[in-house]
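The values are calculated or read from the model by the stated rules, or taken from the named source; none is laboratory data. No experiment lies behind these values; they were computed from the predicted model shown. Backbone-built Cβ (ideal geometry, glycine too); neighbour counts: all protein chains shown. Accessible surface is based on the protein model in full, side chains and every heavy atom, while ligands, DNA and RNA are left aside. Shrake-Rupley method; radii C 1.70, N 1.55, O 1.52, S 1.80 Å.
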Amino acid sequence: TGYITLDDGYGNTGACESAITYIDGEKGILRYRGYPIEELAENSRFTDVAYLLLHGELPNIDQLTQFSTQLNESSIIHEDMHHFFNGFPRGSHPMGILATMVASLSTFYPVPDQLDTATEIQIVANLISQVRTIAAFSYKKSIGEPLVYPSYKLKYVRNFLTMMFASPVRDYQLDDDIVRAIDMFLILHADHEQNCSTSSVRTAGSSLANVYAVASSGIAALWGPRHGGANQEVISMLEQIHAEGGDGTEFINQAKDKNSSSRLMGFGHRVYKNFDPRALVLKKHCDKLLNKPGMNDPLFDIARRLEEIALNDDYFISRKLYPNVDFYSGLILRAAGIPTNMFTVLFAMGRMPGWLAHWREMIHGETVTIYRPRQIYVGEPLRHYKNTIPR
Ligand code: CMC
């Protein structure tokens, strides 16, 4: 029957062929469909990038208009789904709500066994658009404010921020720099080849399961602190340093201490060993945002100090531990007023086009091989049944 090779966590196994995203961790390269992430981040908008990931080419103006219109027309969740929000206990984590609500879309929008292109594109539009509506609604529910419905007049990010923050009891003005920074955050998170959540989507999708349930499996995988939850951890670290009254020096010393399990959150990366290209792009926008008048958050001063110390400290330099994307994205989301427990939800919004591009690539592959890894069995050898319970 041949040999089974152990590859814990599949770190050295190519699980599929893919034409979507290229990464070179040593050189700090990330490209979507061949385009460098830096060029996409500076020149395009999230909906262009979503289209690119899904269709393989950047849209022309007609294609973008059609795609944006379809996203707007698909943005309202079925009115009956609103009852579900009332059923979640107070204080529910928005990622739990998101995973549940996205899975429940499968019951409201049945998927035929045979998918034609138009149906497939409609499903994709539903998911990309409705994940945003559900995200904003779950936040509104959590603070007990009335829901704000999506508007066909607004573009993707403006629509989201308005659903999140518009309120009958507060004045809310959209800030162009914040809109741009959130757009960029979504672009930079839109795909990252076979990471944990995308592999979950491909694994669940390979059984040809319902695509809404498949997308929900991606959300479940993303939820963990070792994956999508890291930017939230950056803010928790800064809050802890602030609460303890320090400036970060002590925390850095602890992170360097090999007898301590503490690490400087937002530094280092499993794949990018010299620099994280997404972090370089975000740093520029993060600096711009944090220097705006009125941004007087003590956590930002601590973050600047940590960044400065770590970038000049031999421990971090010799191990090539640079600030990663989560360091800057955590700061950007906080500056945008996004509550910390919503950070991973925004990551899920950004990653949805990537998950769906992988799902489409897989179901249109020459063969859809069901994901079915093997294992190395390390349990008991053969033994025979003996009665342990008198009967
Ligand atoms: N703070 C202090 N020391 C560190 C850190 C850190 N953040 N990261 C790595 N090290 C040390 C580690 O102790 C080891 O030291 P030594 O060689 O003396 O034993 C050395 O650097 C190499 O570390 P490693 O654990 O072999 O590196 P890795 O590639 O396995 O870990 C990592 C990568 C991201 C898990 C790790 O750097 C880390 O825990 N960082 C903090 C958490 C974080 O920011 N995670 C988000 C990463 S980006 C997520 C994404 O792209 O989705």
query: Can you spot a residue in the range 195-209 that is farther than 30 Å from residue 119 by Cβ and open to solvent by 30 Å² or more (accessible area, probe 1.4 Å)?
result: no
message: Could you tell me how many of the residues in the range 263-310 are within 13 Å of the ligand (Cβ to nearest atom) and open to solvent by 30 Å² or more (accessible area, probe 1.4 Å)?
response: 9
field: Flag if residue 376 is loosely packed, with under 13 Cβ neighbours inside 10 Å and within 26 Å of the chain's Cα centre (by Cα)
entry: no
- line: Only unsatisfied item for residue 231, checking (1) open to solvent by 20 Å² or more (accessible area, probe 1.4 Å); (2) closer than 26 Å to residue 196 by Cβ; (3) touching a residue at least 24 places away in the same chain (Cβ under 8 Å), is (1)
message: Among the residues that make up the range 359-368, is at least one of them basic (Lys, Arg), in a helix (DSSP H, G or I) and open to solvent by 10 Å² or more (accessible area, probe 1.4 Å)?
response: yes
message: Yes or no: the range 339-349 includes at least one residue that is within 13 Å of the ligand (Cβ to nearest atom), over 30 Å from residue 115 (Cα atoms) and of a type in the set (Phe, Trp, Tyr).
response: yes
- prompt: Looking only at residues in the range 79-108 that are in contact with a helix residue (DSSP H, G or I) (Cβ under 7 Å, 6 or more places away or on another chain) and more than 22 Å from residue 350 (Cα to Cα), which one is most open to solvent (accessible area, probe 1.4 Å)?
  reply: 84
- prompt: Only one of 54, 115 is surrounded by 20 or more Cβ atoms within 10 Å (Cβ to Cβ), under 23 Å from residue 191 (Cβ atoms) and in contact (Cβ under 8 Å) with a residue 40 or more places away in the chain; which?
  reply: 54
query: Can you pull out the residues in the range 136-179 that are of a type in the set (D, E, K, R), over 23 Å from residue 285 (Cβ atoms) and assigned to a helix (DSSP H, G or I)?
result: 140, 141
field: Filter pass, residue 133 being open to solvent by 10 Å² or more (accessible area, probe 1.4 Å) and assigned to a helix (DSSP H, G or I)
entry: no
query: Among the residues of the range 214-228 satisfying the criterion of being open to solvent by 20 Å² or more (accessible area, probe 1.4 Å) and assigned to a loop (DSSP other than H, G, I, E, B), which is farthest from the ligand (Cβ to nearest atom)?
result: 223
message: Looking at residue 251 and the list (1) at pLDDT 90 or above; (2) more than 14 Å from the ligand (Cβ to nearest atom), which single condition is not satisfied?
response: (2)
- prompt: Is there any pair with a first residue in the range 256-271 that is without any contact (Cβ under 8 Å) to a residue 40 or more places away in the chain and a second that is near the ligand (Cβ under 6 Å from one of its atoms) whose Cβ atoms are under 7 Å apart and which are 6 or more apart or on different chains, and what are they?
  reply: 262/255; 263/255
